[in-house]
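These notes concern the structure reproduced below.
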Amino acid sequence: MDLSWIINHLGEERDRYFDAVIPPIVQSAIFAHPDIATMRARLADEFNAHVYTRGQNPTVEIVAKKLAALEGAERALMFGSGAAAVAAGMLANVRAGDEVLCVEKPYFWTGQLVRKLLAQCGVRGVFVDAREAADVEAAITPATRLIVLESPNSLTFEQQELSAIAHIAKARGIVTLIDNSYATPLGQSPIAHGIDLVAHSATKYLNGHSDVLAGALCGSEVMMRKVFDGPYMTLGAILSPFDAWLLLRGLRTLPVRLERIAATTTMVLAHLARHQRVRRVYAPVTAHTTQPDLTASQIHHANGLFSIELDVPDIAAIDRFCNALKRFLMAASWGGFESLVFPIAGVRDWGSLSAAAGVPVNLIRFSIGLEAPEVLIADLERGFAAI
Ligand SMILES: *Cc1c(COP(=O)(O)O)cnc(C)c1O
């Protein structure tokens with residue numbers, strides 16, 4: 001299956017809906033059955049049947065089939081947000097008394113899930129510097145049931161050795177889950193490295209238009225059925241048919257958006273790396289990572305998310321830099337058509353949690369969008385001039 005076939009055709013059964021090129025939004029909460037035997041059969045296997053839209057829905061399934069294929073997974077389930085996908089993947093695999101090993105500096109709400117919600121359920125969370133697989137191995141105890149990875153994370157972009165960690169985990173019957181939102185399935189294939197579950201915030205690059213919140217979880221038939229019968233159906237954090245339809249629209253252009261974003265980012269990074277006000281660039285690209293071998297072996301497509309440490313006397317100078325930008329919008333999130341800037345200094349508890357994890361307070365994260373590179377570079381110069 002080639003990429004454009006998956007994106008343009010997989011899962012689309014046009015002869016079932018008037019040969020329309022674009023699938024309908026099946027905006028129906030329920031499905032009726034032709035006879036009692038069929039109804040019973042479908043209710044007995046909701047994972048594979050249309051019964052109730054909290055389970056399966058034809059519009060949502062089209063996106064799920066494509067994402068499963070892109071990740072090389074047997075199945076995928078869609079969620080109303082990336083946070084819901086990560087939570088479902090974790091909750092399906094732990095119970096009271098278990099331990100979860102989680103990378104240091106995960107996405108903020110993944111960290112909160114481990115620190116707060118899992119703790120409430122009697123699950124112990126342990127955060128580990130996972131740059132070396134040996135350190136992950138050393139942190140495993142007999143109670144460890146799940147290892148949660150983010151390679152790279154979305155602030156300082158540390159990576160993990162996926163094959164080595166998957167191997168260590170498999171030998172001990174431990175489930176591995178990775179948040180693959182940064183790389184997207186086009187940039188990194190965790191399942192090929194032996195990782196069990198791949199989660200996405202589809203809100204970011206997969207949708208790419210900052211108009212939908214969505215999540216996905218991909219894995220084997222057995223794993224995904226466990227998720228479906230557990231947190232998926234009980235928590236009901238589903239993607240609506242309309243949002244699935246919008247996500248499908250965004251997904252159509254993922255390869256060209258990423259290509260353009262990568263080209264622009266390369267130019268912007270080259271400019272920043274030479275700038276006297278930039279102390280350090282954090283990005284999972286060979287020129288700027290401390291783990292170039294991992295980047296080369298795991299990431300085949302760099303994207304537009306990176307951070308810099310500004311060389312400034314105080315936080316007020318960061319404020320002046322950000323306030324001077326006219327083309328970068330100031331916003332959390334990333335992965336859309338529009339370029340964004342996000343300074344971590346003083347932002348609610350991200351600041352203190354990040355400081356505890358060793359993230360410098362003068363860190364500013366950028367998400368590069370689809371604007372012309374010279375427009376963005378000129379805007380950055382406006383920021384530097386205001387420092
Ligand atoms: C945004 C994000 C999430 C959460 O996704 P939502 O769709 O906002 O719920 C999870 N992981 C990473 C790395 C993210 O950037």
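Taking packing as the residue-averaged number of other Cβ atoms within 10 angstrom, the listed peptides 193-203, 213-223 run from highest to lowest as 193-203, 213-223.
For VAL128, the residues whose amide H sits under 5 Å from its own are CYS102, VAL103, GLU104, ignoring neighbours fewer than 5 places away on the same chain, with H placed 1.01 Å from N. Principal axis analysis of the Cα atoms in the chain yields extents of 73, 53, 35 Å, listed in decreasing size. Please rank VAL136, VAL359, fewest neighbouring Cβ atoms within 10 Å first, as an exposure proxy. Ordered from fewest to most neighbouring Cβ atoms within 10 Å, VAL136, VAL359 come out as VAL359, VAL136. For ASP179, the residues whose amide H sits under 5 Å from its own are LEU149, GLU150, SER151, ALA199, ignoring neighbours fewer than 5 places away on the same chain, with H placed 1.01 Å from N. The order of ASP35, ASP379, ASP179, ASP243, going from fewest to most other C-beta atoms within 10 Å of their C-beta, is ASP35, ASP379, ASP243, ASP179. The protection proxy used here, the mean number of other Cβ atoms lying within 10 Å of each residue, ranks peptides 327-337, 308-318 as follows, highest first: 327-337, 308-318. Straight Cα distances below 16 angstrom link LYS116 to the aspartates and glutamates ASP98, GLU99, GLU104, ASP349, with same-chain residues fewer than 8 positions distant left out.
What does the helix-only formula give at 222 nm for the chain: each DSSP H stretch with n ≥ 4 adding -39500 (n - 2.57), the total divided by the residues, and the result rounded to the nearest 500 deg cm²/dmol? All intermediate terms of the calculation are to be shown ahead of the outcome.
Numbers: 15 runs with 141 residues, N = 387.
Theoretical 222 nm ellipticity from helices: -10500 deg cm²/dmol.
Peptides 363-374, 20-31 ranked from most to least packed by the mean count of surrounding Cβ atoms within 10 Å: 363-374, 20-31.
Against the chain, whose longest principal axis comes from its Cα atoms, helix 241-251 is set at around 50 degrees.
Of the GluC sites (Glu not before Pro) found in segment 1-98, those that fall in a DSSP loop while having at most 11 other beta-carbon atoms within 10 Å are GLU13. Near VAL26, the amide H atoms lying under 5 Å from its own belong to THR59; only residues 5 or more places off or on other chains count, and H is placed 1.01 Å from N.
Take the cross-link list LYS105/LYS326; LYS65/LYS226; LYS66/LYS170 and give me the ones stretching past 21 Å between alpha-carbons. Can you show the working numbers first?
Details: LYS105/LYS326 30 Å; LYS65/LYS226 18 Å; LYS66/LYS170 27 Å.
Those over the limit are LYS105/LYS326; LYS66/LYS170.
With angles folded into 0 to 90 degrees, how steeply does helix 82-91 sit against the dominant principal axis of the chain? Use alpha carbons for both and round to 10. Tilt relative to the chain: about 60 degrees.
We did not get these values from a lab; they are worked out from the coordinates using the rules stated. Fair warning: this is a prediction, and the values are worked out from it, not measured in the lab. For neighbour counting, all protein chains shown are included, and Cβ atoms are generated from backbone atoms with ideal geometry for every residue, glycine included.
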